[in-house]
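Below: the structure, in structure tokens.
The values are calculated or read from the model by the stated rules, or taken from the named source; none is laboratory data. Note that the structure is predicted; figures quoted are calculated from it, not measured. Note that we place each Cβ from the backbone using ideal geometry, even for glycine, and neighbour counts take in every protein chain shown.
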Amino acid sequence: MKYVIMFTSTPAHDAAVSPEVAQDVYARVYQWFQDNADSIEDSGAELQPVDAATTVRHGATGAVVVDGPFTEAREAVGGFTLIDVPDLDAAIALARTWPMLELEGTSVEIRPIVTDYSQFEQ
């Protein structure tokens, strides 16, 4: 089954991580991708910080372009990866090994992807 796993963190906590700890964790992140290559269908991408975001959203007179973070959430998606594993339990087991989970304010969101679009056909 295919899932997108999104790596989230709290920007304020990220800023408090020492450069030495960050370097150590990032080295383990790179190793994590190598160790789990058989389950990773697309390595996805690491995203720029949320303050670099641009959003296009609904406006009363049409689409409106705005800069900056707009979510009320305290966590921000920092990257994503597409995995293909047997089931949700396997996805959870994989997500639990994400090296950055040792850092406060970090989480991994797991979402199944839509693979059958027949429900949308007319």
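Worth a mention:
- Answer residue from the range 81-120, given it is in a loop (DSSP other than H, G, I, E, B), of a type in the set (D, E, K, R) and at pLDDT below 95 and is nearest to D38 (Cα to Cα) among those: D116
- Once the range 32-80 is narrowed to residues that are in contact with a helix residue (DSSP H, G or I) (Cβ under 8 Å, 6 or more places away or on another chain) and within 14 Å of L94 (Cβ to Cβ), the residue that is modelled with the lowest pLDDT is S43.
- Entry remark, the range 97-122: residues being exposed (fewer than 10 other Cβ atoms within 10 Å of the Cβ) and touching a residue at least 12 places away in the same chain (Cβ under 8 Å) number 1 in total.
- Residue count for the range 36-59 satisfying the condition of being without any contact (Cβ under 8 Å) to a residue 60 or more places away in the chain and surrounded by 11 or more Cβ atoms within 10 Å (Cβ to Cβ): 12.
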